[in-house]
1. When the C-alpha atoms of the stretch A:131-222 are aligned to their principal axes, what extent does each axis show, in angstrom, from largest down?
2. Give, in nm to one decimal, the length gained when the segment between A:Glu139 and A:Arg195 is fully stretched (0.36 nm per residue of separation minus the Cα-Cα distance).
3. Mind checking the mean number of beta-carbon atoms from other chains within 10 Å of the Cβ atoms in B:67-79?
4. What is the order of A:Asp171, A:Asp421, B:Asp53, fewest Cβ neighbours within 10 Å to most?
5. Report the extension gain between A:Met126 and A:Asp207 in nm, rounded to one decimal, defined as 0.36 nm multiplied by the number of residues separating them, less their alpha carbon distance.
6. Just name one of B:Ile56, B:Gly88, B:Val77: the one whose Cα is farthest towards the positive end of the charge dipole of chain B (beta-carbon charges, Lys/Arg +1, Asp/Glu -1).
7. Compute the distance in nm between two label points, each set 7 Å from the Cα along the Cα-to-Cβ direction, one at A:Leu412 and one at B:Thr5.
8. A:Lys399: which lysines have alpha carbons under 28 Å from its alpha carbon, excluding same-chain residues fewer than 8 sequence positions away?
Amino acid sequence: MSETPEVDFDVIVIGAGVAGCVSAHELAKAGRSVLLVERGPEPGAKNLSGGVFYCRVMEQVFPSFADAAPVERVITRNCLSFLNRSSFVNLDYADERLAEPVNAVSVLRARLDAWLAEQCEQAGVMLMAGIKVDRLLVEDGRVMGIGAGEDELRCHVVVAADGVNSFISRDAGFRAKDPPNHLAVGVKSVIGLDRGVLEDRFNLEGDQGAAYAVVGDCTKGVGGGGFMYTNRESVSIGVVLRLDDLARSGHSAAGLHDHFVDHRFIAPFLKGGELLEYGAHLVAEGGQAMVRDLVRPGLVVVGEAAGLALNTGLTVRGMDLAAGSALAAAEAVEAALAAGDCSAASLDRYRRNLAASFVGRDMATYRRAPAFLEGRRMFNDYGPLLADVFHGLYDLDLKPRRHLLKTAREALKAAPVGLTDLMADGWKALRAL
Amino acid sequence: MKLGTITERLARDRYNLDDGPHIEIDQAAARAAGAGPLLERICPAGVYSVGADGAISVQWAGCLECGTCLAVAPPGVLSWRYPGSGAGVAYRQG
Ligand SMILES: Cc1cc2nc3c(=O)[nH]c(=O)nc-3n(C[C@H](O)[C@H](O)[C@H](O)COP(=O)(O)OP(=O)(O)OC[C@H]3O[C@@H](n4cnc5c(N)ncnc54)[C@H](O)[C@@H]3O)c2cc1C
Ligand code: SF4
């Protein structure tokens, strides 16, 4: 098959987020002419994440990523926090091995994405920022290019990297609207703090950073959780709220964000800080059930536009999956271009690449996580239960002491969860996470 | 740490004002579906407010472009697009 339609570029990539930039970079590096189109006035201007990037995959694209890119801090301390109204229980894990090699970094997307796009330009990508793609050009079911306003540009393959709302695929009829239980809204503040104060409060040295994942009272029981990540001279803090639960709950999104930021156990971290930015963004939470429509004739869909994101309760992951899917797609697009065949069958190599990569494997491993996290006990009941167990241990009220097991049993008896629930949830957690 | 009102917060964000609204609401459909209070509650930017007469006002210029309202609104209530090229919120942190 050697159809060679007149084209302006070999490849047009829609969206200069992580997925779009990595796709564009790899295809330009392979010698293809690539246009990268971004609706924001500059790359990163529309993007917001909590900000912990599990960045090992980036070493495949930029050999010294963690050193060269504008990252904030190297995450060496992870804290899982069960937050209640008047108590909390933390599982605090710090490990120097997490810095060597660097496993995760905190990032601010306005800086990171601008840098990624710059690397693309250096690799020969043509960047058009401040242009919103309005539509795909589709002829006989084959994607031929893009339309923005009056302008039309043609190419062999379009890479849709337009993020969670994925209007490009939706408007072309390739993707149905996602149900609200597959989506969560993140409401986030970036709070500036003096560097020394921040390092003291979070017990950090040098460029080390801490990441708090918080469940319980931070969302008043709405499915989701809170996060608090350290940047160089600021803290990224916010809540992630599952939309079906938020809509049902009667709570307001901004109100829950404020409740968390002002929480008596959280506020001391932020004291004296200054609000630098307030933002909101959706995140895909449907897990594997949401991943579909990766390939059409002349089109591949990458990153969160394809539903690739994972919330395991402990971590929110989207950026690493975006990069991984971009690598899988770029390899397949390059092979299709070399073969002069950009049909769906040819581009299906992307789907196989993805399934074999860490992205496909992790999506499969965590396929039960969304259903597990929808179980409300995780958010409502376990925090108070844990606190009651510890209260029984530390509250030396002059009554004779009992063994830990007895104390735990007492706490469990008083809690709304029964022993069978606890065992069932424990089993489910082991299978889901 | 003072967060301030939503309006005060949004004043710290950077925006490029669009030529016209990117959100349109079908007031009759919204009223029939009782969507006003829901939109008011779930929008993190306080874009929607229900007036005394039940009509919903839309302060679209402060929109953070998350897409929450579109995802939860009953069918037919909202028409919501991204703002025009380069317009709308422009994060400096993200
Ligand atoms: C609150 C919150 C916390 C999160 N925390 C984490 C975390 O800690 N770690 C993690 O790994 N992930 C996290 N995520 C998820 C992560 O941010 C996303 O999965 C990731 O950004 C997806 O990358 P992407 O490149 O696919 O899409 P995006 O980053 O969304 O990029 C899409 C790009 O396409 C552009 N675009 C869209 N439509 C058009 C158009 N029509 N024309 C031109 N350009 C267009 C957009 O402007 C944008 O630049 C979080 C998300 C949220 C909301
Ligand atoms: S997109 Fe988000 S910020 Fe904008 S109006 Fe809808 S809910 Fe509010």
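Laboratory data are not the source of any read-out in this text; all were calculated from the coordinates shown. The shown structure was predicted, so the numbers you read here are calculated from the model rather than taken from an experiment. Heads up, the Cβs are rebuilt from the backbone with ideal geometry, glycines too, and the neighbour counts pull from every protein chain shown.
1. 61, 34, 20
2. 14.6 nm
3. For this peptide, the per-residue mean of nearby foreign Cβ atoms is 4.
4. Least to most surrounded, the residues fall as B:Asp53, A:Asp171, A:Asp421.
5. Between A:Met126 and A:Asp207, full extension yields 25.8 nm more.
6. Projecting each Cα onto the dipole axis, the largest value belongs to B:Gly88.
7. 5.1 nm
8. A:Lys413
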